[in-house]
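The values are calculated or read from the model by the stated rules, or taken from the named source; none is laboratory data. Since we're looking at a predicted model, the values are computed, not measured. Backbone-built Cβ (ideal geometry, glycine too); neighbour counts: all protein chains shown. Heavy atoms of the whole protein, side chains included, go into the accessibility calculation; ligands, DNA and RNA do not. Shrake-Rupley method; radii C 1.70, N 1.55, O 1.52, S 1.80 Å.
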Amino acid sequence: MSNQAGVKHSLRFGQVVIGPPGSGKTTYCQGMQEFLTRLGRKVVVVNMDPANEGIPYSCAVDISELVTLDDVMDGLKLGPNGGLLYCMEYVEANLDWLENKLKQYSDYYFLFDCPGQVELYTHQSSVKNIFSQLAKWNFRLTAVHLVDSHYCADPAKFISVLCTSLSTMLHVELPHVNVLSKMDLIEQYGKLAFNLDFYTEVMDLTYLLDHLAADPFFKKFRHLNEKLAEVIQDYSLVTFVPLNVQDKESMIRVLQAVDKANGYCFGDLEERNLQAMMSAAVGADFQFNSTLKVQERYVEASGKTVEDEMMEL
């Protein structure tokens, strides 16, 4: 733990990028680093994943200088899951090292590229404690939780994603932006049953339950699925922002959501658009038009009439 608890740290903003393995965290960090640099922000990327090899972005702070997953697995004879848990506990026990690395960048914007193991963000406390310590060092962070957009095409997987996202939001205790990544591949494994805004705004999940009930395997679990849907809707916390890292407009929408969540848009670190700041202040970010544009670009039109869709339902 830090021995410099009385030291006053300058205010710093940033994102902690989390999500399941393969959801695009490292690609997001690379794309966001380039995007923010073009906007004129000074950006530092911190690799917090001890298993991350072949990093494609310029990394100012790399946790593998402190501990690597391969060393832990070889030395302690642990598997990849247990080894990664140990690595994050080791980082938590050596926060002085992290503080000394970060204090070199007092006026930068930070991107923390975090490990992909789900249990780190749902019930294991090391990563949560690291984030809490960053807040004590005067970091204002937003958790950017990436999930693959193609899960929307499978009702069972989408409900699982909602449960994981909700659990992560409650456990991590940071301002949170959930992101549907790889929007250009959203229908790679199947067609969407509803319009995209149904999934981004997490509308009435009873319609998804009807789709699940049509599957003989899930039919016997209908009551359990109903209770899961009730929990998600009772909290009413989970929504998504669609993202394609290659699309400038998509990156802007995610950045606006992040800046609003961590308060960056209310500061004076760069020139602000007054209209954007006021809309954030009153909560008047209407997403329907932007979601419709994303749907038109990435979701193939079904060609069915409203009557045909109603008959199918």
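Observations
- When residue 117 is tested against (1) under 18 Å from residue 26 (Cβ atoms); (2) open to solvent by 10 Å² or more (accessible area, probe 1.4 Å); (3) in a helix (DSSP H, G or I), just one condition goes unmet, and that condition is (3).
- Residues of the stretch 199-226 satisfying the condition of being aromatic (Phe, Trp, Tyr) and surrounded by 11 or more Cβ atoms within 10 Å (Cβ to Cβ): 199, 207, 218, 221
- The listed residues are 162, 141, and the only one of them that is over 30 Å from residue 226 (Cβ atoms), under 13 Å from the mean Cα position of the chain (by Cα) and either aromatic (Phe, Trp, Tyr) or open to solvent by less than 30 Å² (accessible area, probe 1.4 Å) (or both) turns out to be 141.
- Selected residue (only one of 191, 157, 182 is over 16 Å from residue 25 (Cα atoms), of a type in the set (D, E, K, R) and in contact (Cβ under 8 Å) with a residue 40 or more places away in the chain): 191
- Which numbered condition residue 110 fails, given (1) open to solvent by less than 20 Å² (accessible area, probe 1.4 Å); (2) closer than 18 Å to residue 23 by Cα; (3) not in a helix (DSSP H, G or I): (2)
- Boolean, residue 83 is of a type in the set (Gly, Ala, Ser) and open to solvent by 10 Å² or more (accessible area, probe 1.4 Å): no
- Of all residues in the stretch 34-58, those satisfying the criterion of being under 21 Å from residue 20 (Cα atoms), open to solvent by 20 Å² or more (accessible area, probe 1.4 Å) and under 21 Å from the mean Cα position of the chain (by Cα) are 49, 51, 52, 53, 55, 56.
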